[in-house]
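J.: Pasting a structure here, questions to come.
Rule-based calculations on the coordinates, nothing more; no lab input. Only a predicted model underlies this, so the values are computations on that prediction, with no experimental measurement involved. A quick note on method: Cβ atoms are made from the backbone with ideal geometry, for glycine too, and the neighbour counts reach across all protein chains shown.
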Amino acid sequence: MDSSHTHMAGKETRPRRFLRFFKSRRAAVALEFAFIAPFLFVLIFFIIWTGYAFVMGQALSSATQKASRQIATGSVQAAQMTKDQFRTNVVCAQLPVMFTCSNVIVNVQTVPTNDSSYPNEYYSFVNSTQTGLVTPALDNSTTSFCPGNAQSYVYVQILYPVSIFLPFVTRLAGLTTFQGQSTLLISSTATFLNEPFSAPVAGC
């Protein structure tokens, strides 16, 4: 009886072996997750921020089209709006609450037309390497606002610096400094011919 009891005591039962294996495996999984979790969370936040920036871009594009329509029909000229009024009452009124109106940059210019050189006038809005549009200074006190008269060709450019919430994203290329911070600059443009409306002549 004594020898048999000793023999059984020296053996670990199967449930106990399984429990010990399960605990060790769970500890290994926890350790692995501790290493992977930071990268996983960063990836998730980056995807969320990218989606946020995409939604902002779509909203800005929609607002630009609607604001341009009010210029093309002469509504802005008839109201004799200033740049600040146009930005606040027309552009920002079309934007969702996630936008800060004071950060919206408005640049509106008429396109000079010359039958002998048209459409070369549009190249003045393109950078020297012809890889993109010229970005004005992100300061509404220095940008243009000339909505034009009836039958004027108009170029509308609306820009907005999107804040970056993730520190590592600030090291990516193609970012713009706005008010001392790295931001992703989104923009929307529209070029059109004003309708033959009757409105006060815009002096610009």
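J.: Pop out the ³J(HN,Hα) list for the stretch 91-101 in order, Karplus 6.51 cos²θ - 1.76 cosθ + 1.60 with θ = phi - 60°, rounded to Hz; leave Gly and Pro as x.
T.: Ordered by residue, 3J(HN,Hα) equals 6, 5, 5, 9, 9, x, 5, 5, 8, 9, 4 Hz.
J.: Just to be sure I understand: if I project the alpha-carbon convex hull of the stretch 26-193 onto a plane and average over all orientations, what area do I get in nm²?
T.: About 12.6 nm², averaged over all directions.
J.: Starting at the first residue of the stretch 60-76, write each ³J(HN,Hα) from the Karplus equation 6.51 cos²θ - 1.76 cosθ + 1.60 with θ = phi - 60°, in whole Hz, x for Gly and Pro.
T.: Taking θ as phi minus 60°, the curve returns 5, 4, 5, 5, 5, 5, 5, 5, 5, 4, 6, 6, 4, 8, x, 5, 5 Hz for the stretch 60-76.
J.: For an R0 of 25 angstrom, estimate the FRET efficiency from the Cβ-Cβ distance between Gln58 and Ser163 and round to the nearest 0.05.
T.: Calculated value: 0.90.
J.: Run the simple label-point estimate for Thr129 and Thr100 please: 7 Å along Cα→C-beta, distance reported in nm.
T.: Between Thr129 and Thr100, the simple spin-label model gives 3.0 nm.
J.: Follow-up question, since we're still on this one. How big is the antiparallel share of DSSP beta bridges in the stretch 26-193, given as a percent to the nearest 5? Write down the numbers at each step before the final one.
T.: Details: 22 of 23 bridges.
Given both bridge residues lie in the stretch 26-193, the antiparallel proportion sits at roughly 95 percent.
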